[in-house]
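The values are calculated or read from the model by the stated rules, or taken from the named source; none is laboratory data. For clarity, every value in this text was computed on a predicted model and none was experimentally measured. For neighbour counting, all protein chains shown are included, and Cβ atoms are generated from backbone atoms with ideal geometry for every residue, glycine included. SASA here: full protein model, heavy atoms, side chains in, ligands and nucleic acids out. Shrake-Rupley method; radii C 1.70, N 1.55, O 1.52, S 1.80 Å.
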Amino acid sequence: NAGVMQNPRHLVRRRGQEARLRCSPMKGHSHVYWYRQLPEEGLKFMVYLQKENIIDESGMPKERFSAEFPKEGPSILRIQQVVRGDSAAYFCASSPIIYRVPDTQYFGPGTRLTVL
Amino acid sequence: DAKTTQPNSMESNEEEPVHLPCNHSTISGTDYIHWYRQLPSQGPEYVIHGLTSNVNNRMASLAIAEDRKSSTLILHRATLRDAAVYYCILRALSNTGNQFYFGTGTSLTVIP
């Protein structure tokens, strides 16, 4: 059973460009979470999605950031018009449902975004 | 958000036990205590979790205080590969979430 997969592992963008980060959850997991980790800091929750639904986006910046988890395919975190402050590691996690409750989260290796 | 407090850093000698403390005085009755660790340049890795009773698995043991206001992650024999940042997290379940709130964690150094 493959773990959570994220690509690309490293992404370089110039200011004003768009960044698209992809996450494929573990097989059988229908819940996906995105976190951001700034240098020398802990992870900060951004958004929680189920298939085709955003459940909680309370940690997502109101502008330029969006996330989706379509019925088919990976979850996408999209950052429009990137700025230097967006440089960070972005981690995706997925969880199964156990007794109808989302359970332990399993993390991917992250995408390291560098904005020049 | 329920919060946790951990020491910023700890050191241990190789092959000795390590006790990593965590305070969570505002924990609610339904919050699970999770521990993750993050090795350099990697994503967080699940270590262990519990609710009320002490838990053991192949990686570690989790000792939970009777009042649940604190817990301790126990690595029975530290190895160099255990050098990582260890996060104690309270998992708050709600109708809209399964959020994990990470603090700054404890950076564990293992001395050969």
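Every residue, every condition in (1) of a type in the set (Phe, Trp, Tyr); (2) in contact with a helix residue (DSSP H, G or I) (Cβ under 8 Å, 6 or more places away or on another chain); (3) within 11 Å of chain B (Cβ to nearest Cβ); (4) assigned to a strand (DSSP E or B), yes or no:
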{"residue": "A:Ala2", "(1), (2), (3), (4)": "no, no, no, no"}
{"residue": "A:His29", "(1), (2), (3), (4)": "no, no, no, no"}
{"residue": "A:Glu40", "(1), (2), (3), (4)": "no, no, yes, no"}
{"residue": "A:Met46", "(1), (2), (3), (4)": "no, no, yes, yes"}
{"residue": "A:Gly59", "(1), (2), (3), (4)": "no, no, yes, no"}
{"residue": "A:Lys71", "(1), (2), (3), (4)": "no, no, no, no"}
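Every condition in (1) open to solvent by 30 Å² or more (accessible area, probe 1.4 Å); (2) under 28 Å from B:Asn8 (Cβ atoms); (3) at pLDDT 95 or above holds for A:Ala89 except the one numbered (1).
Away from chain A (no Cβ under 14 Å), open to solvent by 70 Å² or more (accessible area, probe 1.4 Å) and within 26 Å of A:Gly110 (Cα to Cα): is that true of B:Leu80 in this structure? Yes, satisfied. Picking from B:Ser53, B:Ser107, which residue would you name as being open to solvent by 30 Å² or more (accessible area, probe 1.4 Å) and in contact (Cβ under 8 Å) with a residue 40 or more places away in the chain? The match here is B:Ser107. When segment A:28-80 is filtered for residues that are open to solvent by 10 Å² or more (accessible area, probe 1.4 Å), closer than 23 Å to A:Arg9 by Cβ and among the polar types (S, T, N, Q), the ones remaining, listed by number, are A:Gln37, A:Ser66, A:Gln80.
Kindly establish whether B:Val47 is surrounded by 14 or more Cβ atoms within 10 Å (Cβ to Cβ), more than 22 Å from A:Leu38 (Cβ to Cβ) and more than 12 Å from the chain's Cα centre (by Cα). The answer is no for B:Val47. Tallying residues that are in a loop (DSSP other than H, G, I, E, B), within 14 Å of chain B (Cβ to nearest Cβ) and of a type in the set (Gly, Ala, Ser) within segment A:4-27 yields 0. For segment B:1-50, which residues satisfy the criterion of being within 12 Å of another protein chain (Cβ to nearest Cβ), touching a residue at least 40 places away in the same chain (Cβ under 8 Å) and of a type in the set (Asp, Glu)? Result: B:Asp1, single match.
Of the strands (runs of 3 or more DSSP E) contained entirely in segment B:38-112, those carrying at least 1 residues that are over 24 Å from A:Asp56 (Cα atoms) fall at B:45-50, B:61-64, B:70-75, B:84-94, B:106-111.
Of the residues screened, A:Thr104 is one that is buried (at least 16 other Cβ atoms within 10 Å of the Cβ), over 16 Å from the mean Cα position of the chain (by Cα) and under 25 Å from B:Leu39 (Cα atoms).
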